[in-house]
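Peer 1: Have a look at this one before I ask anything.
The values are calculated or read from the model by the stated rules, or taken from the named source; none is laboratory data. These numbers come from a predicted model, not from an experiment. Ideal geometry is used to build each Cβ from the backbone, glycine not excepted, and the neighbour counts take in all protein chains shown. Accessible surface areas use protein heavy atoms only, side chains included; no ligands, DNA or RNA. Shrake-Rupley method; radii C 1.70, N 1.55, O 1.52, S 1.80 Å.
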Amino acid sequence: MPYRSSRWAIALACTAALAASAACGSSGSSGGTTADGKIELTVATFNEFGYEDLLPEYEKAHPNVKVVARKTGKADDHHQNLFTKIAAGSGLSDIEAVEEGYLPQVLSKADKFNNLLEIGPADVKPDRWLAWKSESATKNGSFIGYGTDIGPLAMCYRKDLFEAAGLPSDPAGVKAIFATWDSYFAAGEQFKAKTGDKAWFDSAAQVFNAMVNQEKVGYYDASDKLVVDTNPDLKSDWDKVTAAVAKGQSAKLVAFSNEWNTGFKNAAFATKTCPSWMLGVVEKQAGPENAGKWAVTDAFPDGGGNWGGSFLTVPKQSKHPKEAAELAAWLTAPEQQIKAFTAKGTFPSQVQALTSPALLDQTSAYFGDTKVGALFAEQAKKVPAAQPKGPASGTIQDKVFNSALQAVEQGTSVDDAWKQAVEGAQKAAK
Amino acid sequence: MTADLTEVPSGRGVEPRPPVRREPPEEHPKLPLRDRLTRLDVKFTPYLFIAPFFVLFAVIGLFPLLYTGYVSLFDWELGGDEHPFVGLGNYTALLADDQFWNALFNTVSIFVLSSVPQMITAVLLAALLNTALRARTAWRMGVLLPYVASLVALAIIFSNLFGKQYGLINTFLEGVGLSPVDWQGNWFASHVAIATMVNWRWTGYNALIVLAAMQAIPREVHEAALVDGAGAVRRFVSITLPLLRPTIIFVVITSTIGGLQIFTEPKLFDPAGGSGGGFSHQYQTVVLYLYQAGFQDFDLGYASAMAWILFLVVLVIAAANFFLTRRIASTGESE
């Protein structure tokens, strides 16, 4: 009898444990209200948004709101979670951050997100942000994302390598080199002739993406039709970049790979397309031993461009969409964005924030005390109107065309690689 | 007085009758609750004890397996509003997909490049470890170390070693006057690089399994052969190998199942970090393509069809390996 009663005890304990874990599971996912009647809002971000101090500040000002932050390390994982839970129909946070590269895919499911023009505070209009930023989060009149940060493009270059090749190296002097893509590749040719084993840029894909994103039409036209095989601008960009690769201008380093990191240390290339956040990457990878050798200038071939930046969206799954939109609007207000910028360097996308002294006075010691805040604020105004994007735009850029250009760099013929790219794009868009 | 006796025949010459079962059974004299519980206990407790495995297997093994088969019959886009039924459409599309055949070829190629040298080395290594070495336990533990190390760390370190421009291996090759190898771009070189990672991790592990089997071989057989004048090589080929047969079959089948599902190594080998398996899919394996279809393109129906085809391929190759190894390991002797 004693042995039996102990067995029943075990069974009971197991049942209790199961019930307890089920209870834990359900309290985590079905948010809404807390035990003391507060509205609970969850905010899902990735990487660094600089909201650590802002969220408690909001709670203090709104005693009826409790904010729960859900932070994912990598953007990839965050968005995979986002898409899976859109599909599942539950489990999303009240506010979900979306990165620019994934925005087209999110916009293709725009009906799963609230139109912030309808539920957001009335005084928050798309003109709070740079026009191209708000435009890119709008589909069929539905404005689904408040802009957080952006990544305006400028050009970074190695002064010592420019000097060795007999090119001008001061920020004003290099502007002629970075005037157009033609002048850029021509200077690359001149550079190659003088230096031999050094390359002009890090990777063909890094240049090509910037070129394509400047075009009026990229991979898709305004009616969501894939135009990869018929868009003459795309083909002309492709031809220019692959011609430069053929002349040895590319260091053939895959961006963000270990070899690319080493390439910074070894001074393998002389120029780099540089969104605002790239300065930190350059500084980290090139290291203190190369301090003062890198410079940045407020010029970018054929105008400007943007790489990166995010949005805050309110999915329709949210139980408190109005309150969530209010919080998102507050977080993306110019004053708050400047605080986030000071904390984590997320470059503001709000028109008013671009005139903030905290931004304009920012300098970078690594880049020779350049006033980088003012420089990138200037570059942000040069970004052309938002380009039409289709659901597979991100995949076509990152997976299809970047791979095809890498193939060219590794010796595949330009025509075969183009064929690979077009077929890959058609498959991705299917 | 005797009427009762004649009515109930008994005694010699009377067929014994089985006792009549009384109906209905409820009239059975009631056993105490405790005894009934004991009966239930004896009857069902064993099932209860093995149930956790089967319940778990049904939930996380069998159900997904069957549901994958169901999903594979639909054009099932993750997050799509509707999932139209397409029958075997995903399967026919898959069989006409060049990228799938390329992935299958890569998988088999990497599998062969890893399994064959790995099995041979493992058996030889086990034979070495079975000899009278100094610090035997340390050596035996040592071969297991690569298996203990994290797979991700391993893949990252090997990707660095096999770097094209700044990798250690190419630096070494150039140092001894050879031309550097494009470990990324060249399909064969990339397969060798990935197979190296697999071999590094699994050879020692398999060697230990083989070693255990080797130690179970009766000493008398070896001694008898020694008396008959058989050399070390002859004894290894004629005694050790045939007696290792069941173990080698086991190792070959598990490494077939694992090898055909290879994912982490090629995934982390790609410097671009995607699931394409190189810029022209030169080392994309089937599972990597499955992952790409399912979680990059969100085409779950297609990915499910691929999972089922892979399942069948694994079955076929494991069966082929079983018969092949049985032949080889028996060295032609009939039993």
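Peer 1: Divide by every residue of chain A the summed helix terms, -39500 (n - 2.57) for each DSSP H run of at least 4, and state the resulting mean residue ellipticity at 222 nm, rounded to the nearest 500 deg cm²/dmol.
Peer 2: Numbers: 18 runs with 189 residues, N = 430.
Value at 222 nm, helices only, nearest 500: -13000 deg cm²/dmol.
Peer 1: Per Stokes-Einstein, at 10 °C and 1.306 mPa s, what whole-number D in µm² s⁻¹ belongs to region B:91-330, with the Kirkwood radius over Cα pairs as the hydrodynamic radius? Mind showing how you got there, number by number?
Peer 2: Details: Rh = 19.7 Å.
Once the numbers are plugged in, D ends up at 80 µm²/s.
Peer 1: Order of A:352-359, B:316-323 by packing, highest average Cβ count within 10 Å first? If you can, show how the numbers build up before the last one.
Peer 2: On the way: A:352-359: 17.0, B:316-323: 13.8.
Ranked by mean Cβ neighbours within 10 Å, highest first: A:352-359, B:316-323.
Peer 1: So what is the relative contact order for region B:20-121, in percent, with contacts set as C-alpha pairs under 8 Å and at least six apart?
Peer 2: On the way: 26 pairs, mean separation 11.2, N = 102.
So the answer I get is 11 percent.
Peer 1: What stretch of chain B, leaving out the sites themselves, is the longest with no trypsin sites (Lys or Arg not before Pro) in a DSSP loop having at most 11 other Cβ atoms within 10 Å?
Peer 2: On the way: sites that count: B:12, B:21, B:22, B:30, B:134.
Here the longest segment lacking exposed loop sites spans B:135-335.
Peer 1: Further question on the same structure: Pairs of alpha-carbon atoms within less than 8 angstrom and 6+ residues apart define the contacts here; what relative contact order does chain B have, in percent?
Peer 2: Working: 334 pairs, mean separation 81.8, N = 335.
Averaging sequence separation for qualifying contacts and normalising by length gives 24 percent for chain B.
Peer 1: Let me ask something additional. So which lysines pass the test for residue A:38, namely a Cα distance under 20 Å, with those fewer than 8 places away in the same chain ruled out?
Peer 2: Residue A:38 reaches A:60, A:66, A:319, A:322.
Peer 1: Here is a further query. Using protein chains only and a probe of 1.4 angstrom, how many square angstrom of residue A:135 are accessible, to the nearest 10?
Peer 2: 90 Å²
Peer 1: When the Cα centres of region B:264-321 and region A:102-167 are compared, how far apart do they sit, in Å?
Peer 2: Rounded to whole Å, the Cα centres lie 34 Å apart.
Peer 1: Enter the Cα centre distance for the pair region B:142-215 and region A:269-295, rounded to the nearest angstrom.
Peer 2: 33 Å
Peer 1: Taking each pair of distinct Cα atoms in region A:341-396 once, what is the resulting Kirkwood hydrodynamic radius in Å?
Peer 2: On the way: mean 1/r = 0.0762 Å⁻¹.
It works out to 13.1 Å.
Peer 1: If amide H atoms are built 1.01 Å from N in the plane of the peptide, which residues on other chains or at least 5 residues away come under 5 Å of the amide H of residue A:180?
Peer 2: Counting only residues 5 or more places away or on other chains, the set is A:302.
Peer 1: Sticking with this one: In the structure displayed, which of A:240/B:164; A:192/A:252; A:316/A:339; A:252/A:399 lie more than 21 Å apart, Cα to Cα? Show your work: numbers first, answer last.
Peer 2: Working: A:240/B:164 25 Å; A:192/A:252 15 Å; A:316/A:339 29 Å; A:252/A:399 16 Å.
Distance filter (> 21 Å) returns A:240/B:164; A:316/A:339.
Peer 1: Taking every residue in A:252-258, how many Cβ atoms of other protein chains lie within 10 Å of its Cβ, on average? Provide the component values of the computation, followed by the final result.
Peer 2: Working: counts 4, 4, 7, 3, 3, 9, 7.
Counting other chains' Cβ atoms within 10 Å and averaging over A:252-258 gives 5.
Peer 1: For region B:25-71, compute Rh as the Kirkwood radius over C-alpha pairs and then the Stokes-Einstein diffusion coefficient at 4 °C and 1.567 mPa s; write the answer in µm²/s, rounded to an integer. Don't skip to the end; give the middle numbers.
Peer 2: Values: Rh = 13.6 Å.
It diffuses with D of about 95 µm²/s by this estimate.
Peer 1: Tell me what chain B gives for mean residue ellipticity at 222 nm when only DSSP H runs of n ≥ 4 count, each as -39,500 (n - 2.57), the sum divided by the residue total, rounded to 500 deg cm²/dmol. Don't jump to the answer; show the numbers that get you there.
Peer 2: Values: 16 runs with 217 residues, N = 335.
Per the formula, -20500 deg cm²/dmol.
Peer 1: Shifting gears a bit: How many angstrom separate the Cα center of region A:308-351 from the Cα center of region B:229-249?
Peer 2: Spelled out, the Cα-based centre of one part sits 71 Å from the other.
Peer 1: Another one. Cα-Cα over 28 Å: which of A:85/B:267; A:175/A:381; A:85/A:284; A:125/A:371?
Peer 2: Numbers: A:85/B:267 24 Å; A:175/A:381 17 Å; A:85/A:284 35 Å; A:125/A:371 30 Å.
Over 28 Å apart, Cα to Cα: A:85/A:284; A:125/A:371.
Peer 1: Here is a follow-up. Using a Förster distance of 25 Å, how high is the FRET efficiency between residue A:285 and residue B:153, based on the Cβ-Cβ distance and rounded to 0.05? Can you show the working numbers first?
Peer 2: Numbers: r = 21 Å, r/R0 = 0.84.
My answer for the efficiency is 0.75.
Peer 1: Further, regarding this structure: I need two numbers for region A:303-430: Rg to one decimal and Dmax as a whole number, Cα atoms only, in Å.
Peer 2: 20.0, 55
Peer 1: Another question, then. Taking only the alpha-carbon atoms of the protein assembly as shown, what semi-axes of the equivalent ellipsoid follow from 5 times the gyration tensor eigenvalues under a square root, in whole Å, largest first? Can you show the working numbers first?
Peer 2: Values: eigenvalues 702, 338, 121 Å².
That gives 59, 41, 25 Å for the three semi-axes.
Peer 1: Moving on to the next point. Please report the relative contact order for chain A, taking Cα pairs under 8 Å with a sequence separation of at least 6, and give it as a percent rounded to a whole number. Each step should come with its number before you reach the end.
Peer 2: Details: 718 pairs, mean separation 106.0, N = 430.
The value is 25 percent.
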